[in-house]
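The values are calculated or read from the model by the stated rules, or taken from the named source; none is laboratory data. Remember, it's a predicted structure, so these values are computed and weren't measured experimentally. All Cβ positions, even for glycine, are placed from backbone atoms using ideal geometry, and neighbour counts span all protein chains on display.
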Amino acid sequence: MRSVKSFLAAGAATLISSMAFAADMPIAAPPMYAPPALADFGGWYLRGDIGFSNQRVDRLNNVLDANTTSSVQTLNFNSAGIFGLGAGYRFNNWFRADVTGEYRGNSQFFGTDRITFPGGVGTDTYHATKNEWVVLANAYVDLGTWWCITPFVGAGIGTARVAINGFTDQGIVNIGAGALPGLAFGDNVAKWNFAWAAHAGLAYKVSPAFTVELAYRYLDMGDGLTGDLKTFDGTNAVVNPTTFKHITSQDLKLGVRWNLDNPPVYAPPPLVTKG
């Protein structure tokens, strides 16, 4: 009987000792919460662009070309400024689209045409200015982001209003031993065309709401047209406007985008401490 009491006493002492040891142990820290993976974020944005153009035209055509047996044209545009605004929507981290409108400033045009025809040769010298309004709907694919830099490619379709102003055609024609000078003028004409574009560039995210772009664009604006060519005294034997065939431009642009919606900032749950 005494041994049973001793056993119970020893067990009680052991239990009390274990409880005291447990009370002295520190309380474990609450579990850490890992932030959830951020989902692709979409939202509206505004954009603005400036840049300059490098333009070319394939050929100048006129109904009087039917009289020539050969023609060698040299045609050049000066560079011109580009100023654009737009609005768009970013659907996720890799796809976005926008609509842009831009004004392309006056570009000086200079060209020559060395021609031959039955009985003589001649040289025409051309001058004009050209400007455009361009409206495009664009779609872009962002190819991933490294150190806040995102390369992208894109394409666009729309319309271009090509205006040819102040066109002059000064010619010298040699027939036999004589040289006959001539001068013709074309009225100002603006023509709307289908336009398309291809884009490529780099975007740098300055902040969650502000991005800077450096982009290259190939732009096809269709044909330009002059008014009917007339001599200095207003006479004209045949209707003969001049067509600027297939005007294209390789543009370099600097752009900015402002996000109108910002992604929510993750806030971890508050830590609960035990008193």
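Assorted remarks:
- Count of residues meeting criterion [surrounded by fewer than 17 Cβ atoms within 10 Å (Cβ to Cβ) and of a type outside the set (S, T, N, Q)] in the stretch 224-244: 9
- Scope the stretch 53-78; condition surrounded by 16 or more Cβ atoms within 10 Å (Cβ to Cβ) and either acidic (Asp, Glu) or within 18 Å of the chain's Cα centre (by Cα) (or both); matching residues: SER53, GLN55
- The listed residue being without any contact (Cβ under 8 Å) to a residue 60 or more places away in the chain, closer than 25 Å to TYR140 by Cβ and among the charged types (D, E, K, R), out of ASP228, ASP220: ASP220
- Residue tally, condition modelled with pLDDT under 95 and among the polar types (S, T, N, Q), over the stretch 126-159: 1
- Meets criteria (outside any strand (DSSP E or B) and out of contact with any helix residue (DSSP H, G or I) (no Cβ under 9 Å at 6 or more places or on another chain)) for SER107: no
- No other residue among ALA215, ALA184 is at pLDDT below 95, assigned to a strand (DSSP E or B) and buried (at least 17 other Cβ atoms within 10 Å of the Cβ) apart from ALA184.
- On inspection, TRP133 fails the criterion of being exposed (fewer than 13 other Cβ atoms within 10 Å of the Cβ) and either free of Cβ contacts under 8 Å to residues at least 60 places away in the same chain or more than 20 Å from GLU102 (Cβ to Cβ) (or both).
- Residue among GLY171, GLY201 that is within 23 Å of ILE50 (Cα to Cα), surrounded by 13 or more Cβ atoms within 10 Å (Cβ to Cβ) and either in contact with a Gly (Cβ under 9 Å, 6 or more places away or on another chain) or at pLDDT 90 or above (or both): GLY201
- Within the stretch 138-150, residues that are surrounded by 13 or more Cβ atoms within 10 Å (Cβ to Cβ) reach partners that are among the basic types (Lys, Arg) with beta carbons closer than 6 Å, at six or more positions or on different chains, in the pairs TYR140/ARG96.
- Verdict on MET25 being over 22 Å from ASN240 (Cα atoms), exposed (fewer than 10 other Cβ atoms within 10 Å of the Cβ) and at pLDDT 50 or above: no
- Residue check: TRP44 meets all listed conditions (1) exposed (fewer than 14 other Cβ atoms within 10 Å of the Cβ); (2) at pLDDT 85 or above; (3) in a loop (DSSP other than H, G, I, E, B) but one, namely (3).
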